[in-house]
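These notes are about the structure you will find just below.
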Amino acid sequence: MAKLDQGPPNYKEMLPPIIKENYGTWRYHEIPRSGVLKHVSESGAALYSVRVATPRLVSIDFIRDVCTLADDYCDGFLRWTTRNNIEFLVSDEAKVNPLIDTLTAKGLCVGGTGAAISNIIHTQGWVHCHTPATDASGVVKAVMDDLYEYFDSMKLPAKLKMGLACCLNMCGSTHCSDIGIVGVHRTPPRIDHEKIRKGTEIPTLVASCPTGAIRPDPKNKSVIVNEDKCMYCGNCYTMSPAMEIYDPKNDGIAILIGGKVSNARSAPSFSRMVIPFLPNNPPRWPEVTDAIRDILELWIANAQRGERLGEWIERIGWERFFSLSGLPFSDMLIDDYIFARETFRTSAGFKF
Ligand code: SF4
Ligand code: SF4
């Protein structure tokens with residue numbers, strides 16, 4: 001059969017020999033030191049994954065350097081994770097510490113395992129996407145620089161997963177992160193009627209709006225936006241450059257907390273909004289880094305060992321969280337108007 005170049009290659013072709021030989025027979029894993037996962041199989045074979053954070057936007061030179069290190073220390077086997085970490089897959093225990101020494105000497109950060117912050121999963125930001133209300137890698141760099149002490153150690157009450165999405169489309173997993181950083185627009189799109197007439201498919205544009213806020217305006221060969229229905233998501237701008245939504249004064253960041261994907265100890269849960277708006281203040285976003293550090297330190301000071309951020313808040317109650325944190329509470333933060341006017345405790349929907 002002819003070999004085609006369509007579609008991804010079979011992942012099994014790229015597995016390290018130790019994983020192929022012990023496929024399906026891995027018994028347990030442990031964390032011998034921060035940044036290293038040791039997986040042990042029924043045969044007694046052990047694989048060490050050395051985890052390194054990356055800034056996500058990296059140069060070809062950086063990738064070449066990393067691949068050379070993989071050749072030197074682990075027969076060329078490494079993987080990129082969804083959280084923008086690199087894991088070097090080392091099957092020779094004697095090479096683990098020399099690899100870490102080399103990585104550290106190059107200024108790379110080893111950590112993110114166990115009761116630590118893993119690197120922040122994040123999105124495109126101002127560099128690439130159409131609809132961001134904030135940057136992605138810039139905010140992540142500022143936050144992780146501030147919290148680095150919790151990346152290369154394991155002194156948190158439990159693991160902490162953070163996500164950043166630069167608009168409500170939430171390409172980053174902010175809806176189920178311990179701490180979610182979400183870019184929010186706060187003004188409706190500005191319609192350029194001339195551009196609509198010149199090159200926009202109006203039915204597609206109308207269909208792109210999740211709230212039905214856009215309707216055709218046949219008289220003007222354009223559209224009308226019902227601003228009361230608009231939730232400032234920017235989907236229409238994805239469909240047409242005539243619907244610009246950027247607003248330097250009003251775009252910013254909301255903070256959502258308490259979500260998780262894992263079903264260990266308690267059911268998976270969605271994050272909930274606790275800070276509706278912080279300004280974009282590049283290059284170091286001090287309002288955002290301060291707010292996140294405050295929430296983190298409150299959790300560290302009050303949680304039991306093993307208790308994730310949302311589990312701690314569920315135990316003490318959201319009212320108590322707002323009271324301890326000093327964050328202003330408003331009914332705009334309530335996640336379900338029908339049941340939770342005062343309790344903040346029912347469904348997982350959130351309201352901007
Ligand atoms: Fe683009 Fe929104 Fe995704 Fe950011 S979250 S990459 S702005 S679609
Ligand atoms: Fe509709 Fe979103 Fe555009 Fe508002 S920003 S008009 S809700 S698509």
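The values are calculated or read from the model by the stated rules, or taken from the named source; none is laboratory data. Bear in mind the structure is a predicted one, so any value in this text is a computation, not a measurement. Cβ coordinates were reconstructed from backbone atoms using ideal geometry, including for glycine residues, and neighbour counts include every protein chain displayed. Just so you know, the surface numbers come from the protein's heavy atoms only, side chains and all, with ligands and any DNA or RNA stripped out. Shrake-Rupley method; radii C 1.70, N 1.55, O 1.52, S 1.80 Å.
With respect to residue 246, is the statement that it is aromatic (Phe, Trp, Tyr), surrounded by 13 or more Cβ atoms within 10 Å (Cβ to Cβ), within 12 Å of ligand 2 (Cβ to nearest atom) and assigned to a loop (DSSP other than H, G, I, E, B) true? So residue 246 fits the description; yes. For the stretch 214-234, the set of residues classified as under 19 Å from residue 247 (Cα atoms) and open to solvent by less than 20 Å² (accessible area, probe 1.4 Å) consists of 233, 234, listed by residue number. Residue 314: part of a helix (DSSP H, G or I), modelled with pLDDT of 95 or more and open to solvent by 40 Å² or more (accessible area, probe 1.4 Å), yes or no? Criteria not met by residue 314.
Quick check on this structure: which one of 85, 97 is closer than 30 Å to residue 313 by Cα and not acidic (Asp, Glu)?
Numbers: 97 fails: closer than 30 Å to residue 313 by Cα.
Within the list 85, 97, the selection yields 85.
Inspection of the stretch 139-150 identifies no residue that is aliphatic (A, V, I, L, M), assigned to a loop (DSSP other than H, G, I, E, B), more than 16 Å from ligand 2 (Cβ to nearest atom) and in contact with a Ser or Thr (Cβ under 7 Å, 6 or more places away or on another chain).
Looking only at the stretch 167-213, count every residue that is open to solvent by 10 Å² or more (accessible area, probe 1.4 Å) and without any contact (Cβ under 8 Å) to a residue 60 or more places away in the chain and tell me the total. So the count comes out to 25.
Any chance the stretch 142-150 includes a residue that's among the acidic types (Asp, Glu), within 14 Å of ligand 1 (Cβ to nearest atom) and not assigned by the TED database to the domain that holds residue 240? Outline the logic, then answer.
The initial filter retains those residues of the stretch 142-150 that are among the acidic types (Asp, Glu), namely 145-146, 149.
From the residues that got through so far, the ones that are within 14 Å of ligand 1 (Cβ to nearest atom) too are none.
Checked the stretch 142-150: no residue is among the acidic types (Asp, Glu), within 14 Å of ligand 1 (Cβ to nearest atom) and not assigned by the TED database to the domain that holds residue 240.
Does the stretch 7-30 contain at least one residue that is of a type in the set (Val, Ile, Thr), surrounded by 13 or more Cβ atoms within 10 Å (Cβ to Cβ), under 29 Å from residue 146 (Cβ atoms) and outside the structural domain of residue 149 (by the TED database)?
Quick first cut of the stretch 7-30, residues of a type in the set (Val, Ile, Thr) only: 18-19, 25.
Then drop every residue that is not surrounded by 13 or more Cβ atoms within 10 Å (Cβ to Cβ), which leaves 18-19.
Pick out the ones that are also under 29 Å from residue 146 (Cβ atoms) and you get none.
No, the stretch 7-30 has no match at all.
Yes or no: residue 85 assigned by the TED database to the domain that holds residue 26, closer than 29 Å to residue 307 by Cα and either under 27 Å from the mean Cα position of the chain (by Cα) or not charged (D, E, K, R) (or both)? It is true that residue 85 is assigned by the TED database to the domain that holds residue 26, closer than 29 Å to residue 307 by Cα and either under 27 Å from the mean Cα position of the chain (by Cα) or not charged (D, E, K, R) (or both).
Do we have any residue at all in the stretch 320-328 that's at pLDDT below 90, surrounded by 13 or more Cβ atoms within 10 Å (Cβ to Cβ) and out of contact with any Gly (no Cβ under 7 Å at 6 or more places or on another chain)? Scanning the stretch 320-328 turns up no residue that is at pLDDT below 90, surrounded by 13 or more Cβ atoms within 10 Å (Cβ to Cβ) and out of contact with any Gly (no Cβ under 7 Å at 6 or more places or on another chain).
Looking at the stretch 1-108, the strands (runs of 3 or more DSSP E) lying wholly inside it that each contain 3 or more residues that are touching a residue at least 40 places away in the same chain (Cβ under 8 Å) and out of contact with any Ser or Thr (no Cβ under 7 Å at 6 or more places or on another chain) sit at 46-53.
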